[in-house]
Amino acid sequence: ADHSDRDRTRARIAEVLSRARRRTALLTDSVDEAELVAQHSPLMSPLVWDLAHIGNQEELWLVRDVGGRDAVRADIDELYDAFKHARSNRPALPLLDPEQARGYLGSVREKVLDVLDSSDLAGNALVDNGFAFGMIAQHEQQHDETMLATHQLRAGAPVLSAPRAPVAQAPAGGEIVLPAGEFLMGTSADPWALDNERPAHPVHVDGFAIDVAPVTNRQYLAFIDAGGYDRAELWSERGWAHRTEAGLVAPQFWERDGDGWTRTAFGVRAPLRLDQPVVHVCWFEAQAFARWAGKRLPTEAEWEKAARFDPETGASRRYPWGEDQPDEQLANLGQRHLEPAEVGAYPAGASATGVQQLIGDVWEWCSSGFEAYPGFRAFPYREYSEVFLGGDYRILRGGSFGTDEVACRATFRNWDHPIRRQIFAGFRLARDLREDER
Ligand code: AVJ
Ligand code: FE
C-alpha cells in the first residue's frame, strides 16, 4: 500500500508540474520576443523575468535542496531574487533572453523529474507527501496568474482567448446568517498547505450575515451612479486621499461609452456583463462600496467560516462543497475562462450553508490585514510569508478565474496592498446581526 501511495503521489506531482508548465508556455509563447522583454506596467515584471524566476525557484528548492544536485545556473540566483530588484527595475537587468530562459526551464525540469523518480517523498518536512514539489507547482501557478495580470495590462491585439464564462440558470442573491460560534480555521492536515495557512486553530466568530454572491457590475454601477466616487463620507481618510490622487472614477479597465460603460479584458473591449462580479477594484473602493450599501467587508475569519463550516458536523471542509477536487461544475478556476462567471453560475459549488462562488471567479477582499495564526512557523523560507506579516496588506480569499486549483483551497491566504487593482480582485459584503437576528 505504501508503494502505490507513493506512486500515486509521484504521478499527481508530475501531472501538476506539467499542467503548470503548459500554462507558462501558453502565457509566454503567445507574445513575441519584444513583448516578452518589455515592461507592460511598472507594477509588473517583464514576462521573461517571471519565466526564468519560475525556473530559478524550481532549481533552488527541487534540484539543489531536495535533490542535493549540482546547480544548473548558480550565477543567476541574484537576478531572479524577488527581494533584490523592484519589479519596475527588472527590465534593465541583464536577464536571460527568452530562448535562454526556455532552455533553462527545460534543463531544470528534466533534473526535477529525475529527482522526483528517486525520492521516496518522506524523511523530512520538505519532502513528506511531496510538499516541496507541491509548493513549487503552486509557485509556478501563482506567477502564471501574475503573468495573466500582465497580459491584461498589455496593449495591442488580443493573443489569449477562452470560451465565455457561464451564465446563471437562476440568479443568486440575498444573504446567509451564520450564528455565533467556534469553528476550526486554517489547517494542520492539508499536505500541500503553505506555512501561513497553518496550524488549524479554533476561532470564535460572532454571528454575522454574508452575501450569497460577490458584488456584481450591476450593483457597482449603482454605486457609481449614486455618486460613490464623489462622496468623501463613504471613504476612509486614506481611501479618499488615494481615490483623489489616483483619479479613480470606476474599476480599472472600465471606459465610458455614451451613457453606459465598456470593459476591456485581454485586449477585447465589450459592454459590461452586468451580472458578473465586479473585478479590478482596490480594497479602498470595496470599502467605500460597502459603506454606501450599509454593510462591510467580511473579516478573514468570517470568510473562511462561510466557506468551510459545516453546521451538521461542526467540521471545516477543504472546499465549500466538501472534499472533492474542483471541476468545471464547481468553480471558475484555472484560466478556463478569461472572466468571472455570472453570479449563480455555480450552484453545485455552494457551501454547506448556501454561500456561492467563494472559490474562483474573483479574489475577495477581506477587512483583515495579513497576520500570523497562533503557532505560525515560517516554512520553508521566511520570504514566502513571514516578511509580509503585519505589513500594509489586506487579505484576499478564494482565488479567481486565473487561479489554478493547485494554488486554491478554502484555507489559502493571499494578500496585497490596499491600492492594488491589477489583480483579479472583487469582493462580497457582510454585516453584523441585528438584535432580533441573534
Ligand atoms: C502570495 C500571491 C502574494 O505573488 O507576491 C510568488 C506569491 N511568492 N513568489 C506573490 C509568491 C513568491 C505571492 N502572493
Ligand atoms: Fe516568486
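Points worth noting:
- Kirkwood hydrodynamic radius of the stretch 222-337, from the reciprocal of the average inverse Cα-Cα distance over all distinct pairs: 17.1 Å.
- Cα gyration tensor shape of the stretch 288-406, rounded if a/c is under 1.5, else prolate or oblate by comparing a/b with b/c: rounded
- Taking N as its residue count, the alpha carbon Rg of the chain over 2.2 N^0.38 Å: 0.97
- Under 13 Å, Cβ to Cβ, from Ser236 - net charge with Lys/Arg +1 and Asp/Glu -1: +3
- Candidate cross-link partners of Lys295 among the lysines, defined by an alpha-carbon separation under 26 Å and a same-chain spacing of 8 or more, comprise Lys305.
- Value of [θ]222 nm, deg cm²/dmol, for the chain, DSSP H segments ≥ 4, -39500 (n - 2.57) each, nearest 500: -9500 deg cm²/dmol
- For the stretch 168-248, average projected area of the Cα convex hull in nm²: 9.5
- Relative to the current alpha-carbon distance between Ser236 and Val167, full extension at 0.36 nm per residue lengthens the span by 21.4 nm.
- More than 20 Å apart - percent of Cα-Cα pairs taken over the stretch 363-438: 42
- Stretchable slack from Arg269 to Asn89, in nm (0.36 nm times residue separation minus alpha-carbon distance): 61.8 nm
- Hz values of 3J(HN,Hα) by residue in the stretch 361-377 - Karplus curve (6.51, -1.76, 1.60), Gly and Pro given as x: 6, 9, 4, 10, 5, 10, 6, 6, x, 8, 10, 6, 6, x, x, 4, 9
- Amide H contacts of Ala265: Ala270, each under 5 Å away and 5 or more positions distant or on a separate chain (H built 1.01 Å from N in the peptide plane; Pro and chain starts excluded).
- Restriction of the chymotrypsin sites (Phe, Trp or Tyr not before Pro) in the stretch 70-110 to DSSP coil positions whose beta-carbon has at most 13 other beta-carbons within 10 angstrom yields Phe83.
- Whole-percent pair-distance distribution, where bins are 5 Å wide, for the alpha carbons of the stretch 92-243: 2, 6, 7, 9, 11, 13, 16, 13, 10, 9, 5, 1, 0
- 3J(HN,Hα) couplings calculated from phi for the stretch 272-287 with the Karplus curve 6.51 cos²θ - 1.76 cosθ + 1.60 (θ = phi - 60°) are, in sequence order, 4, 8, 5, 9, 7, x, 5, 9, 6, 10, 8, 4, 5, 5, 4, 5 Hz; Gly and Pro show x.
- Lys/Arg +1, Asp/Glu -1 at C-beta; the chain dipole; positive extreme among Thr146, Leu17, Pro340: Pro340
- Contact order for the stretch 229-382, expressed relative to its length and based on alpha carbon pairs under 8 Å spaced 6+ residues apart, stands at 20 percent.
- Sparse-neighbour loop sites [GluC sites (Glu not before Pro); the stretch 270-343; at most 10 other C-beta within 10 Å; DSSP]: Glu312, Glu323
- Convex hull projection area averaged over all views, the stretch 1-109, Cα basis, nm²: 7.6
- Value of Rg to Rh for the stretch 25-182, rounded to two decimals, is 1.09; Kirkwood radius and Rg both from alpha-carbon coordinates.
- For the chain, the relative contact order works out to 18 percent when only alpha carbon pairs closer than 8 Å and six or more residues apart are counted.
- Candidates Arg409, Arg238, Arg109: whichever shows maximal mean-square fluctuation once the chain is modelled as a Gaussian network with Cα springs under 10 Å: Arg238
- Debye, to nearest 20: dipole size of the stretch 136-210, +1 on Lys, Arg Cβ, -1 on Asp, Glu Cβ: 380
- A straight line joining the Cα centroids of the stretch 321-347 and the stretch 368-397 runs 27 Å.
- Cα gyration tensor, the stretch 140-208 - rounded (a/c under 1.5), prolate or oblate: oblate
- Using θ = phi - 60° in the Karplus curve 6.51 cos²θ - 1.76 cosθ + 1.60, the 3J(HN,Hα) couplings for the stretch 193-208 round to 5, 7, 4, 6, 8, 10, x, 4, 7, x, 10, 7, 10, 4, x, 8 Hz; x is entered for Gly and Pro.
- If only the Cβ of Lys and Arg carry +1 and only the Cβ of Asp and Glu carry -1, the dipole of the stretch 212-294 around its Cα centre is close to 180 debye.
- Ordering Gln252, Leu194, Thr262 by Cα displacement along the dipole of the stretch 191-271 toward the positive end leaves Thr262 in first place; charges were set at the Cβ atoms of Lys, Arg (+1) and Asp, Glu (-1).
Rule-based calculations on the coordinates, nothing more; no lab input. Keep in mind it's a predicted model, so treat the numbers as computed, not measured. Don't worry about glycine lacking a Cβ; one is built from the backbone with ideal geometry, like all the others, and counts go over all protein chains shown.
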